[in-house]
Amino acid sequence: MASESPVFLTKVECPICKTINEFETIRVGAYTESGRDTDFCPTGRQWRNPRYQAYNPLLYFIATCDNCYYTREFTNNFKEWKEDSNFKTYRLKTVKEKHLDHLAQADSALRLMGEAIDSNRYPNETAILKFLLAIYDERLNEKPVDLDLARFYLRIGWIFREMGTGDNPNHQVIR
């Protein structure tokens, strides 16, 4: 099991541009956590496959379309968005229109963040960018879910905290 990949691919159609994306999903039991900080941030993590020890699982928590950079929390609700009449009726139309308008601007924050994603070279920075993109898209909604936004900001803080410890050999500063 230690040499087995802790991730597998899950195909999901982007609700914005209809591109079929393959997102990496963490296998159950791929890592264990040891302890929690006061804000529930894991204080230790051990991957069963040691090659992944430098990776933060939060990299796989958010899904970003490779084509249009639409980003959402990678949950079963997102994977099955086609069956979610509430999403299709109340969220998709507004978010899609605004998202595509922002994407059409050459210097938009949406485009700049999406184009900077590189999980192989910059896994932590990519995780942060994906959370920021999820915040961006959530804020496009007529009624953003404040609890989701708060969770995204909190997890960005967790990533920065881990990067600041120097424990991550893949940590590289983007300038």
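Results for (1) of a type outside the set (G, A, S); (2) crowded, with 17+ Cβ neighbours inside 10 Å, shown as yes or no for each residue.
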residue	(1), (2)
F23	yes, yes
G29	no, no
D39	yes, no
T43	yes, no
R48	yes, no
C68	yes, yes
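Identify, please: which residue in the stretch 117-139 is of a type in the set (A, V, I, L, M, F, W, C) and open to solvent by 50 Å² or more (accessible area, probe 1.4 Å) and is, among those, farthest from Y69 (Cα to Cα)? Even if it seems obvious, please write down each step before you answer.
To start, the set of residues in the stretch 117-139 that are of a type in the set (A, V, I, L, M, F, W, C) comprises 117, 127-129, 131-135.
From what is left, the residues that are open to solvent by 50 Å² or more (accessible area, probe 1.4 Å) are 117, 132.
Values: I117: 10, L132: 11 Å.
So the residue we want is L132.
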Going by the conditions given, is A106 without any contact (Cβ under 8 Å) to a residue 12 or more places away in the chain and among the hydrophobic types (A, V, I, L, M, F, W, C)? yes
Flag for C68 being part of a loop (DSSP other than H, G, I, E, B), in contact with a helix residue (DSSP H, G or I) (Cβ under 6 Å, 6 or more places away or on another chain) and farther than 27 Å from M163 by Cα: yes
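Going by the structure shown, is K93 out of contact with any helix residue (DSSP H, G or I) (no Cβ under 6 Å at 6 or more places or on another chain) and either over 21 Å from Y153 (Cβ atoms) or part of a helix (DSSP H, G or I) (or both)?
Numbers: out of contact with any helix residue (DSSP H, G or I) (no Cβ under 6 Å at 6 or more places or on another chain): yes; either over 21 Å from Y153 (Cβ atoms) or part of a helix (DSSP H, G or I) (or both): yes.
Yes; evaluated as a whole, the condition is true for this residue.
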Can you list residue pairs whose Cβ atoms sit under 8 Å apart, with the first residue in the stretch 129-148 being of a type in the set (V, I, T) and the second being modelled with pLDDT of 95 or more and open to solvent by 20 Å² or more (accessible area, probe 1.4 Å)? Count only pairs 6 or more apart in sequence or on different chains. I135/Y153
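The values are calculated or read from the model by the stated rules, or taken from the named source; none is laboratory data. Values in this document were obtained by computation on a predicted structure and should not be read as measured data. Ideal geometry is used to build each Cβ from the backbone, glycine not excepted, and the neighbour counts take in all protein chains shown. Accessible surface is based on the protein model in full, side chains and every heavy atom, while ligands, DNA and RNA are left aside. Shrake-Rupley method; radii C 1.70, N 1.55, O 1.52, S 1.80 Å.
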